[in-house]
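Q: Quick one: this structure, given as structure tokens, is what I'll be asking you about.
The values are calculated or read from the model by the stated rules, or taken from the named source; none is laboratory data. These figures come from a predicted structure and were not determined experimentally. Here the Cβ positions follow ideal geometry from the backbone for every residue, glycine too, while neighbour counts run over all protein chains shown.
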Amino acid sequence: MTTEKLYQVNGVELCAQTFGDPGDPAVLLIHGASASMLWWEPELCEQLAARRRFVIRYDQRDTGRSTSYPVGEPGYAMSDLASDAVGLLDALGIDRAHVVAQSMSGGTALFLGLDHPSRVASLTFVSTTTGDDGLPPPSESMPRLGTPDFADHAAVEEYVVRSIEAEAAGHFKEASARALVRADQARARDYEASLTNHYAMAFDSPRNGGFGDLTQPVLVVHGDKDPLLPLPHGEALRDAVPGARLVVMPGMGHGLSAPYWSEFVDALVDHTEER
């Protein structure tokens, strides 16, 4: 594991950290809306690195130590987040990477696969969606959490911890969730911007088509207890991409809970083997 480092990319600063041997196949991890690289836990990254993968996690704009924008005024679109990923690969001297994207960052991965295809060896979509009309809404079990007072750090912490609990579908560890949120708050340039701006950016569309136009190998990983994006979202994504494979994680909620890391690593290592 390297120390965190700031890279100048596309006129912004991006903080990144790597795990493993740079000579191994690169795996670029892109977490979902509002989530810094800390949400890809080091233990998961280390498991992948131990299976001969060079793992890269990073803070997207408005998360962690990367460039932050005024609250509610992000100066970028989703296509810019994809260009940032390419720029980070350039800064690291990596020609092609296996891209793993979670939740809303599935859109960023779609941009990468379509508009920067030479840089993408494969795609893995975790707990994400095509966004098609007619897919089921979040479960009625999802609580409606009011916006916290961002001047009250304890209230903000509680808000994010309770959000994690709601999405975890029973795989929730209070202590580890609270430790993650506190660490996230401590290293963010502006935590209110982190929790706000990804939802306020411009959601543009790739130049070169949609999910059906992807040519890279595609793996879809989805929990059958996902309360935010129920399983039909993952099934729709599999059906939209020719040749895509769906791995359903029984009992998993939204995102990769620790009990599923081993199964996920096995599936990802198989998906990213050179053939």
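To keep it simple, each residue is scored yes or no on (1) free of Cβ contacts under 8 Å to residues at least 12 places away in the same chain; (2) crowded, with 20+ Cβ neighbours inside 10 Å.
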| site | (1), (2) |
| --- | --- |
| 100 | no, yes |
| 106 | no, yes |
| 114 | no, yes |
| 118 | no, no |
| 127 | no, yes |
| 134 | yes, no |
| 139 | no, no |
| 145 | no, no |
| 150 | no, no |
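Q: Going by what's in this entry, would residue 214 be described as under 17 Å from the mean Cα position of the chain (by Cα) and buried (at least 18 other Cβ atoms within 10 Å of the Cβ)?
A: So residue 214 does not fit the description; no.
Q: Residues in the stretch 23-37 that are in contact with a helix residue (DSSP H, G or I) (Cβ under 9 Å, 6 or more places away or on another chain), touching a residue at least 40 places away in the same chain (Cβ under 8 Å), closer than 16 Å to residue 53 by Cα and not β-branched (Val, Ile, Thr): how many?
A: 3
Condition check ((1) over 30 Å from residue 153 (Cα atoms); (2) assigned to a helix (DSSP H, G or I); (3) free of Cβ contacts under 8 Å to residues at least 40 places away in the same chain; (4) touching a helix residue (DSSP H, G or I) at 6+ places or on another chain (Cβ under 8 Å)) across all residues:
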| residue | (1), (2), (3), (4) |
| --- | --- |
| 178 | no, yes, yes, yes |
| 196 | no, yes, no, no |
| 235 | yes, yes, yes, no |
| 239 | yes, yes, yes, no |
| 252 | no, no, no, yes |
| 256 | no, no, no, yes |
| 262 | yes, yes, no, yes |
| 270 | yes, yes, yes, no |
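Q: Right, next: Can you tell which of 144, 119 is of a type in the set (Lys, Arg) and modelled with pLDDT of 95 or more?
A: 119
Q: Let me ask another. Answer yes or no as to whether residue 80 is acidic (Asp, Glu), over 12 Å from the mean Cα position of the chain (by Cα), outside any helix (DSSP H, G or I) and at pLDDT 95 or above.
A: no
Q: Restricting the first residue to the stretch 201-224 and requiring it to be free of Cβ contacts under 8 Å to residues at least 40 places away in the same chain, which pairs with a second residue that is β-branched (Val, Ile, Thr) and in a strand (DSSP E or B) meet a Cβ separation below 7 Å and a spacing of at least six or different chains?
A: These pairs meet every condition: 224/248.
Q: Within the stretch 24-56, which residues are surrounded by fewer than 19 Cβ atoms within 10 Å (Cβ to Cβ) and either modelled with pLDDT under 95 or of a type in the set (Lys, Arg) (or both)?
A: 51, 52
Q: Does residue 61 fit the bill of being crowded, with 22+ Cβ neighbours inside 10 Å and basic (Lys, Arg)?
A: yes
Q: Give the number of residues within the stretch 164-201 that are among the polar types (S, T, N, Q) and either touching a strand residue (DSSP E or B) at 6+ places or on another chain (Cβ under 8 Å) or surrounded by fewer than 19 Cβ atoms within 10 Å (Cβ to Cβ) (or both).
A: 2
Q: May I pose another question? If the requirement is being free of Cβ contacts under 8 Å to residues at least 12 places away in the same chain and either in contact with a Pro (Cβ under 8 Å, 6 or more places away or on another chain) or surrounded by 23 or more Cβ atoms within 10 Å (Cβ to Cβ) (or both), which of these qualifies: 155, 85?
A: 155
Q: Counting only residues that are over 16 Å from residue 216 (Cα atoms) and among the aliphatic types (A, V, I, L, M), which one in the stretch 87-105 is nearest to the chain's Cα centre (by Cα)?
A: Looking at the filtered set, the residue picked out is 104.
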